[in-house]
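Pasting a structure here, questions to come.
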Amino acid sequence: MGYKKVVIKEFGGPEVLEVTEEPTLPEPGFGEVRIKVLTTSAAFTDTMIRKGQYPDVKAKPPFSPGYDLVGLVDKLGEGATKFNIGQKVADLTVVGAYAEYICLPESQLTLVPDELDPVEAVSLILSYVTAYQMLHRFAKVNSGQRILIHGAAGAVGTAILQLGRLVAYGFYNASTGKGGSILFDFLRLQLMKIIPNGRSVSFYSIGSLRKKHPDWFSADLAKLFSLLSQNKIKPVVGKRMPLSDAASAHALLEKAAVSGKIVLIVSEENI
């Protein structure tokens, strides 16, 4: 049995995304599970990875992008005991989720409540965890404090300004050619940190923070799933598209043509 995936054949524009077919399913290794992917997202981070501009990704083409996913446990590798076949799980994969099947370590997966829509659930993994962690892990905002939300039309739409504290994330202008560069922006933040003005500056990266505190990511995502189950939050899904339309989704992202999250449907039968 084969499966389809989207690969970056070379760094470049949306046209470098190509649908390919693998002849056999991937086999999970020790402590891994094979996941049948239900949904993934088209995020601005994915466009940076496609261009070869994302600092945390060192992979060279060809490889599959895909920063997050929700899927079903399809097969257990030796030593994998945390989940059962058929359970719904989520992960921040960084790359690899633009595929019908993927094998991942069970230790990095988070259980998704059965009642949640995979489209809404995947919308929380990157955007909402980023927002939640900047508020509660970095800025540590308390009741009565004021914050500035800058660029609120985006999927994350959150930068936190707290008296004495700035949390920066992303490199939108640099990556779209609208000014500056990723290196320059990072160096500017470092300079701001040493200016004796009584304020602190830090840069938020969801990938880096997860490596440092993996327990935080799973706990925060589980908290957000609980809030979604209770209808206390409602992610804005701007567009649903099949995985085969990944290139078109990336083009829409770069034109800022969709307000809200673009979700790629990988398995129609389970949505």
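Near the amide H of CYS103, under 5 Å away, which other amide H atoms are found, from residues 5 or more places off or on another chain, if H is placed in the peptide plane?
ILE35
No solvent, one uniform scatterer per C-alpha: report log10 I(q)/I(0) for the stretch 15-74 via the Debye equation at q = 0.12, 0.19, 0.22, 0.25 1/Å, two decimals.
-0.38, -0.92, -1.13, -1.22
Then there is this: Per residue, what volume in Å³ does the convex hull of the Cα atoms of the stretch 77-137 enclose? Walk me through the intermediate numbers first.
Details: hull volume 7.2 nm³, N = 61.
Taking the convex hull of the Cα positions in the stretch 77-137, it is 118 Å³ per residue.
All of the numbers you see were taken from the coordinates with simple rules; none came from a lab. Keep in mind that what you see is a predicted model, and the values were worked out from it rather than measured.
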